[in-house]
Structure formats: structure tokens, C-alpha cells
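Report on one structure; see the data block that follows.
The values are calculated or read from the model by the stated rules, or taken from the named source; none is laboratory data. The shown structure was predicted, so the numbers you read here are calculated from the model rather than taken from an experiment. Note that each Cβ is placed from the backbone with ideal geometry, even for glycine, and that neighbours are counted across all protein chains shown.
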């Protein structure tokens with residue numbers, strides 16, 4: 001029997017707001033340390049960013065920003081992929097054995113009024129039904 005690994009969503013910061021951009025700052029995406037801890041995204045971990053304002057999708061890594069600041073900044077080359085106040089989705093993924101997929105529970109972080117303050121943490125997304133799209 002073949003051992004198969006599946007890449008699956010580990011963490012998601014849904015509709016976070018970019019607080020600033022810094023072309024000349026080292027590091028690619030600074031995220032409030034409290035948000036990193038809540039989402040279980042680790043410093044220097046690869047993250048995928050999906051910009052809801054311009055459709056850009058890119059991969060970078062997370063660095064720590066001041067705890068409690070609500071900061072989410074795009075730095076270096078990533079600063080060209082968005083601007084202040086853009087809404088983004090930040091995701092990280094993990095490889096798990098196929099037999100563990102049904103037990104897996106990602107960390108899904110949702111914000112209050114797109115202000116980077118945590119509203120709720122969930123572990124599943126509702127089934128999308130025909131003619132009944134669920135909005136956040």
C-alpha cells in the first residue's frame with residue numbers, strides 16, 4: 001500500500017486588512033504576534049496571500065509584528081502586491097497522511113468589521129449550496 005500525503009489548509013486569516021506596505025523592509029509579511037499565535041502560523045512559515053481587492057495571489061513568509069497592534073504589513077517585493085487597506089486572505093498549508101484528512105481541523109480566523117480584531121475562530125466552512133452562497 002502506498003503512503004500518500006495530502007496538502008491541506010492548516011490556518012486562515014479571513015479578510016484581514018493590510019495596515020501598511022514597506023518596500024525597503026526586510027521580511028515579506030509582518031503579522032501581529034497575537035494573530036500568529038491564534039492561527040498557529042509560525043515565524044518564517046510559508047504563507048499564501050490572496051488579495052481580494054486586486055486578485056493578486058502570491059507566496060511569501062510570515063514575520064512577527066508587535067503583539068496587539070493589529071498590524072499586517074506587506075514588505076519587500078510583497079509590497080508591490082497590495083496597498084494599505086486592501087482586504088486579504090492569508091493561508092498556510094500542511095502535509096498530512098491521507099488517512100488523517102477527515103479528522104483534520106484547520107484554524108479559521110474571522111475578524112470584526114475587517115479591522116484585524118478577532119471575531120471568531122472556527123474549524124470548518126459551511127457547504128456551499130446552489131443558489132445559496134453564504135457570505136461572511
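Any residue in the range 100-120 that's at positive phi and modelled with pLDDT of 95 or more: show its pairings with residues that are surrounded by 11 or more Cβ atoms within 10 Å (Cβ to Cβ) and assigned to a helix (DSSP H, G or I) at Cβ separation under 9 Å, as long as the two are six or more apart or on different chains.
116/35
Among the candidates 25, 44, which residue alone is at pLDDT below 95, farther than 17 Å from residue 116 by Cα, part of a loop (DSSP other than H, G, I, E, B) and in contact with a strand residue (DSSP E or B) (Cβ under 6 Å, 6 or more places away or on another chain)?
Just a single option satisfies the conditions, and that option is 25.
Give the residue, chosen from 11, 92, that is touching a helix residue (DSSP H, G or I) at 6+ places or on another chain (Cβ under 7 Å), in a strand (DSSP E or B), in contact (Cβ under 8 Å) with a residue 12 or more places away in the chain and crowded, with 18+ Cβ neighbours inside 10 Å.
Being touching a helix residue (DSSP H, G or I) at 6+ places or on another chain (Cβ under 7 Å), in a strand (DSSP E or B), in contact (Cβ under 8 Å) with a residue 12 or more places away in the chain and crowded, with 18+ Cβ neighbours inside 10 Å holds for just one of 11, 92, which is 11.
Could you please let me know if residue 85 is more than 13 Å from residue 12 (Cβ to Cβ) and surrounded by 11 or more Cβ atoms within 10 Å (Cβ to Cβ)?
Yes: the conditions hold for residue 85.
I need the full set of residues from the range 67-89 which are without any contact (Cβ under 8 Å) to a residue 60 or more places away in the chain, closer than 19 Å to residue 24 by Cα and in contact with a strand residue (DSSP E or B) (Cβ under 7 Å, 6 or more places away or on another chain), in order please.
71, 72, 73, 74, 75, 78, 79, 81
Of the conditions (1) exposed (fewer than 12 other Cβ atoms within 10 Å of the Cβ); (2) in contact with a helix residue (DSSP H, G or I) (Cβ under 6 Å, 6 or more places away or on another chain), residue 99 clears all except one; give me its number.
It fails just one condition, (2).
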